[in-house]
1. From the set of residues in the stretch 52-62 that are out of contact with any Ser or Thr (no Cβ under 7 Å at 6 or more places or on another chain) and assigned to a strand (DSSP E or B), which is farthest from A133 (Cα to Cα)?
2. Consider the stretch 68-93. How many of its residues are of a type outside the set (K, R), part of a strand (DSSP E or B) and surrounded by 15 or more Cβ atoms within 10 Å (Cβ to Cβ)?
3. Can you give me the number of residues within the stretch 92-142 that are more than 17 Å from L49 (Cβ to Cβ) and either touching a residue at least 40 places away in the same chain (Cβ under 8 Å) or basic (K, R) (or both)?
4. For the stretch 36-51, which positions are in contact with a strand residue (DSSP E or B) (Cβ under 7 Å, 6 or more places away or on another chain), part of a loop (DSSP other than H, G, I, E, B) and farther than 11 Å from I135 by Cβ?
5. For the stretch 99-128, name all the residues that are closer than 21 Å to Q45 by Cα, of a type in the set (K, R) and in a loop (DSSP other than H, G, I, E, B).
6. Sort out which residues of the stretch 69-83 are in contact with a strand residue (DSSP E or B) (Cβ under 6 Å, 6 or more places away or on another chain) and either among the polar types (S, T, N, Q) or closer than 21 Å to K140 by Cα (or both), and write them in order of number.
Amino acid sequence: MKKFILALSFFTVGACINKSAAQCDSIATMCAKHIISSFISDGQQYRSLLLNSEEYAEFHTTFFGETTYRIAACSGRSDGNLIFNIYDQDRHLLFSNRDQKNAPFWNFKVKSSVEAIIEAQLDANKNPGSGCAVILIGFKQQ
């Protein structure tokens, strides 16, 4: 009986992980519409499962000088559910989409290369439950 319960537990955990991965896949596909043809994807999909609006996901990246970027941020089936902040490595806030009504993307150009931290959080007012946070980054080819 213990072996049956243990096997059932592993199956249940596996099914939940598979469902979460599928949810993130569909959100990443939806989010990709914001990386329009004038931008080239950096090839990464920054993903995190957030269990509530008090959790944060943190992603690290480098933005290279004299390059124009677009960051797209999505969670759920509609835009505006995810708040994202961009900080430099000293934790100075460079941008927050909260100031832009949770806009699902932001275009910007950096003058010189910068190590950055992207922080994502579910908006408690729009999506109080759990969800997959997806960040995509594109750049313009010079």
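Every number in this text was worked out from the coordinates using simple rules, so none of it is lab data. This one's a predicted model, so the numbers in the text were calculated from it and none came from an experiment. Cβ coordinates were reconstructed from backbone atoms using ideal geometry, including for glycine residues, and neighbour counts include every protein chain displayed.
1. For the stretch 52-62, the residue satisfying everything is T61.
2. So the answer is 12.
3. Counting residues in the stretch 92-142 that are more than 17 Å from L49 (Cβ to Cβ) and either touching a residue at least 40 places away in the same chain (Cβ under 8 Å) or basic (K, R) (or both) gives 21.
4. F39, the sole residue that qualifies.
5. The answer is none; no residue qualifies.
6. Y69, R70, I71, A72, A73, C74, S75
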